[in-house]
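These notes concern the structure reproduced below.
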Amino acid sequence: MNSTALIWLVALPLVAGPAVYLVGRLQCWMLDFGFWMPSRSIQHPTPAIQGGVARWLALAALAGAWLPLALAARELASGGAVALAVGAVALRLDGLGLLVAALALALGGLVALFSGPDLAGRVGEEKYYALVVVLVGALIGLACAGDLFNLWVWFELTAVVSYVLVAFYHRQPAALEAGVKYLLQGTAGSVLALLGIALVLAQAGTLDLAQIHARAAGSPALLAAGALLLVGFGVKAALVPLHAWLPDAYEQAPSGVSAIMSAVVTKAGLVALLRALGALAGVTLSWGTLLIGFGALNILAGNLLALRQTQVKRLLAYSSLGQLGYIFLGLGIGVYAGQAAGAQGGLFHLLTHALMSALAFLAVGALIYSLGGAARERGSLVVGDLAGAARRYPLAALALSVAALGLAGLPPLAGFMSKWQIFVAGFATRSPAIMALVVFAALNSVLSLAYYAPLVNAVYRLEPSAAVRRGQALPAAMRAPLGLLALAVLALGVWPGLAAWLTGPAGAAVMAAFGR
């Protein structure tokens with residue numbers, strides 16, 4: 001099978017990232033020394049001009065990667081997984097990889113577009129766009145890794161880039177603290193995962209995921225390796241109680257970074273976890289039970305922790321823990337009970353949560369930018385700052401409302417349909433324990449309205465807050481991603497079949513990995 005498209009899909013963002021940085025630095029140098037002027041009438045270049053080339057080059061690179069993705073998707077549809085080996089690097093694009101690649105490219109492009117006004121004139125702007133492009137490439141590589149070692153290498157590249165992006169405002173002590181906390185906990189997880197990989201190599205004699213799956217049998221050593229991989233990759237996947245880095249990182253990162261972290265980066269940890277545990281499926285039958293258990297724990301902890309939050313980005317961070325729980329629950333039902341619909345529902349919720357959480361963080365980021373002042377300085381909003389925002393910023397208010405109500409699982413939004421698929425799959429097992437957990441998850445979805453509803457209520461209050469009255473207009477570059485994501489959330493809620501071409505093959509890939 002022709003694997004040229006897969007090479008370009010992974011290589012293009014990785015090559016373009018350094019080019020974005022170099023071109024951005026060259027432009028800044030030429031502006032500083034007066035060697036380049038976009039117009040003779042411009043005597044003092046504006047911040048938008050200073051960072052424009054890097055931003056548009058990043059957007060062009062991410063847009064260009066859609067062509068090899070489309071070609072690879074066509075190959076996948078016609079002949080099965082697309083495999084490639086370049087030296088010691090083994091890549092394999094299946095349905096799960098296609099889902100992650102599509103999400104990474106789509107949301108990476110929207111984040112790069114959105115971030116233009118917010119980062120204009122800031123120190124290191126060209127680094128930001130370069131890192132976003134490299135992050136997209138690393139996420140695609142991780143999703144397509146064909147062996148455990150390369151899975152870990154891509155995982156580490158994703159982690160290193162995300163560490164730097166989280167601490168982008170490193171001159172602010174809180175942002176630096178969040179970045180260091182994320183670095184320390186992520187490094188601990190990476191070391192544990194590497195130890196697990198070494199143990200697998202010692203026992204199975206190979207790191208190829210398919211060969212490990214064929215050779216792995218029940219043994220205490222491989223069970224211990226599975227536990228190390230579960231904890232190691234579980235840190236990045238924000239499994240409770242391995243989630244301590246998440247609220248600070250989401251709150252202190254630039255809003256575009258918070259969006260892509262919540263939407264894709266934590267999901268990359270989940271994908272790495274699924275790849276590793278799928279290879280060790282023959283070691284024990286408990287992996288599905290563990291996924292269900294962590295799902296229930298994440299749902300409960302995320303909801304309870306979000307209830308008491310007043311900082312909006314921190315509230316959304318804790319709510320993401322709960323939403324990840326629904327993904328784990330669906331996948332656990334699929335693996336434990338052999339319910340393909342459960343795995344597909346879990347991955348459908350992965351897709352809908354990616355869109356809804358990105359929409360929520362970008363809407364909050366747009367309001368932080370527009371309200372300016374103390375809100376922009378601290379990089380966050382409290383719920384009270386949102387009062388009356390719908391009067392001056394109707395699109396941002398509508399986008400935040402659609403995201404919040406979708407996350408709460410209200411129809412006819414995408415979050416309702418993805419949760420509904422998980423619940424239906426759970427009841428189809430006819431297992432009393434699983435059906436009880438489904439009821440528990442449904443009640444927690446209702447409970448989440450206790451913190452989502454105040455956000456919606458705040459933006460539609462009649463009396464605007466002082467911050468809203470002083471705010472500036474919302475730029476078109478921020479409005480466009482909000483409108484597109486809001487439409488996607490609405491469309492998938494009304495026509496969930498639109499995502500079947502992604503979630504169906506992804507669910508089948510997960511089931512095949514676990515031999516179900």
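Do we have L135 as modelled with pLDDT of 95 or more and either under 19 Å from K267 (Cα atoms) or not polar (S, T, N, Q) (or both) here? Working first, answer last.
Values: modelled with pLDDT of 95 or more: yes; either under 19 Å from K267 (Cα atoms) or not polar (S, T, N, Q) (or both): yes.
Taking the combined requirement at face value, the residue satisfies it.
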Checklist entry - When L297 is evaluated against the numbered criteria (1) open to solvent by 10 Å² or more (accessible area, probe 1.4 Å); (2) closer than 22 Å to A145 by Cβ, which criterion, by number, is the only one it fails? => result (2)
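Which of the residues that make up region 60-100 are under 20 Å from A276 (Cβ atoms) and either open to solvent by 70 Å² or more (accessible area, probe 1.4 Å) or among the hydroxyl-bearing types (S, T, Y) (or both)?
We begin by selecting, within region 60-100, every residue under 20 Å from A276 (Cβ atoms); these are 81, 83, 85, 88-100.
Answer for region 60-100, where residues must be under 20 Å from A276 (Cβ atoms) and either open to solvent by 70 Å² or more (accessible area, probe 1.4 Å) or among the hydroxyl-bearing types (S, T, Y) (or both): A85, A88, R92.
Can you name every residue in region 116-157 that is farther than 20 Å from G24 by Cβ and either free of Cβ contacts under 8 Å to residues at least 12 places away in the same chain or open to solvent by 10 Å² or more (accessible area, probe 1.4 Å) (or both)?
Filtering region 116-157 down to residues farther than 20 Å from G24 by Cβ leaves 139-157.
Within region 116-157, G146, D147, F149, N150, W152, V153, W154, E156, L157 meet the criteria.
Listed residues T284, T310; which is farther than 19 Å from A404 by Cβ and surrounded by fewer than 24 Cβ atoms within 10 Å (Cβ to Cβ)? Show your work before the answer.
On the way: T310 fails: farther than 19 Å from A404 by Cβ.
Only one candidate qualifies: T284.
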Next on the checklist: I'd like the full set of residues that are under 18 Å from the mean Cα position of the chain (by Cα) and either modelled with pLDDT of 95 or more or in a helix (DSSP H, G or I) (or both), limited to region 160-177.
Outcome noted: V160, V161, S162, Y163, V164, L165, V166
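Checking the condition surrounded by 14 or more Cβ atoms within 10 Å (Cβ to Cβ), more than 23 Å from the chain's Cα centre (by Cα), in contact (Cβ under 8 Å) with a residue 12 or more places away in the chain and not in a loop (DSSP other than H, G, I, E, B), which residue from A488, A458, A508, A477 passes? Give the derivation first.
Details: A488 fails: more than 23 Å from the chain's Cα centre (by Cα); A508 fails: more than 23 Å from the chain's Cα centre (by Cα); A477 fails: more than 23 Å from the chain's Cα centre (by Cα).
Every option except A458 fails the conditions.
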Checklist outcome for this item: Selection over region 406-436 where residues are open to solvent by less than 50 Å² (accessible area, probe 1.4 Å) and either assigned to a helix (DSSP H, G or I) or without any contact (Cβ under 8 Å) to a residue 40 or more places away in the chain (or both) yields a count of 13
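Please go through region 227-250 and give me each residue that is part of a helix (DSSP H, G or I) and either at pLDDT below 90 or under 22 Å from V134 (Cα atoms) (or both), ordered by number. Break it down stepwise before answering.
Of region 227-250, the ones part of a helix (DSSP H, G or I) are 227-236, 246-250.
Residues satisfying the conditions are F233, V235, K236, L246, A249, Y250.
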Item to check | Those residues of region 158-187 which are surrounded by fewer than 20 Cβ atoms within 10 Å (Cβ to Cβ) and β-branched (V, I, T), in sequence order | outcome: V160, V164, V180, T187
Checklist entry - What are the residues in region 185-208 that are in contact (Cβ under 8 Å) with a residue 40 or more places away in the chain and within 22 Å of the chain's Cα centre (by Cα), if any? => result Q185, G186, A188, G189, S190, A193
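Which one of A193, A202 is open to solvent by 60 Å² or more (accessible area, probe 1.4 Å) and either touching a Gly at 6+ places or on another chain (Cβ under 9 Å) or of a type in the set (A, V, I, L, M, F, W, C) (or both)? So that I can check it myself, show each step before the final result.
Working: A193 fails: open to solvent by 60 Å² or more (accessible area, probe 1.4 Å).
Answer to the selection: A202.
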Item to check | So I292, is it open to solvent by 10 Å² or more (accessible area, probe 1.4 Å), more than 19 Å from G406 (Cβ to Cβ) and assigned to a helix (DSSP H, G or I) | outcome: yes
Checklist outcome for this item: When restricted to L113, L107, the only residue among the hydrophobic types (A, V, I, L, M, F, W, C), modelled with pLDDT of 90 or more, crowded, with 23+ Cβ neighbours inside 10 Å and outside any loop (DSSP other than H, G, I, E, B) is L107
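Collect the residues in region 191-214 that are part of a helix (DSSP H, G or I) and among the β-branched types (V, I, T), keeping them in residue-number order.
V191, I197, V200, I212
Look at A217 and say whether it is small (G, A, S) and in a helix (DSSP H, G or I). Outline the logic, then answer.
Working: small (G, A, S): yes; in a helix (DSSP H, G or I): no.
When the stated conditions are applied, A217 does not pass them.
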Checklist outcome for this item: If we ask which residues in region 206-229 are within 15 Å of F149 (Cα to Cα) and open to solvent by less than 60 Å² (accessible area, probe 1.4 Å), their number turns out to be 9
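Determine whether A453 is open to solvent by 20 Å² or more (accessible area, probe 1.4 Å), touching a residue at least 12 places away in the same chain (Cβ under 8 Å), among the hydrophobic types (A, V, I, L, M, F, W, C) and not in a helix (DSSP H, G or I). Talk me through it step by step, then tell me what you get.
Values: open to solvent by 20 Å² or more (accessible area, probe 1.4 Å): yes; touching a residue at least 12 places away in the same chain (Cβ under 8 Å): yes; among the hydrophobic types (A, V, I, L, M, F, W, C): yes; not in a helix (DSSP H, G or I): no.
Judged against the criteria, A453 is not a match.
Assess whether G483 counts as being without any contact (Cβ under 8 Å) to a residue 40 or more places away in the chain and farther than 17 Å from G330 by Cβ. Explain how you work it out, then say what you get.
Details: without any contact (Cβ under 8 Å) to a residue 40 or more places away in the chain: no; farther than 17 Å from G330 by Cβ: yes.
In short, no.
Which of the residues spanning region 344-365 are hydrophobic (A, V, I, L, M, F, W, C), open to solvent by less than 10 Å² (accessible area, probe 1.4 Å) and within 19 Å of L498 (Cβ to Cβ)?
Residues of region 344-365 that are hydrophobic (A, V, I, L, M, F, W, C), as a first pass: 347-348, 350-351, 354-356, 358-364.
If we keep only those that are open to solvent by less than 10 Å² (accessible area, probe 1.4 Å) too, we end up with 347-348, 350, 354, 356, 358-364.
Correct list: L347, F348, L350, A354, M356, A358, L359.
The values are calculated or read from the model by the stated rules, or taken from the named source; none is laboratory data. This structure is a prediction, so every number in the text was calculated from the model and none was measured. Note that each Cβ is placed from the backbone with ideal geometry, even for glycine, and that neighbours are counted across all protein chains shown. With ligands, DNA and RNA removed, areas are computed over all heavy atoms of the protein, side chains included. Shrake-Rupley method; radii C 1.70, N 1.55, O 1.52, S 1.80 Å.
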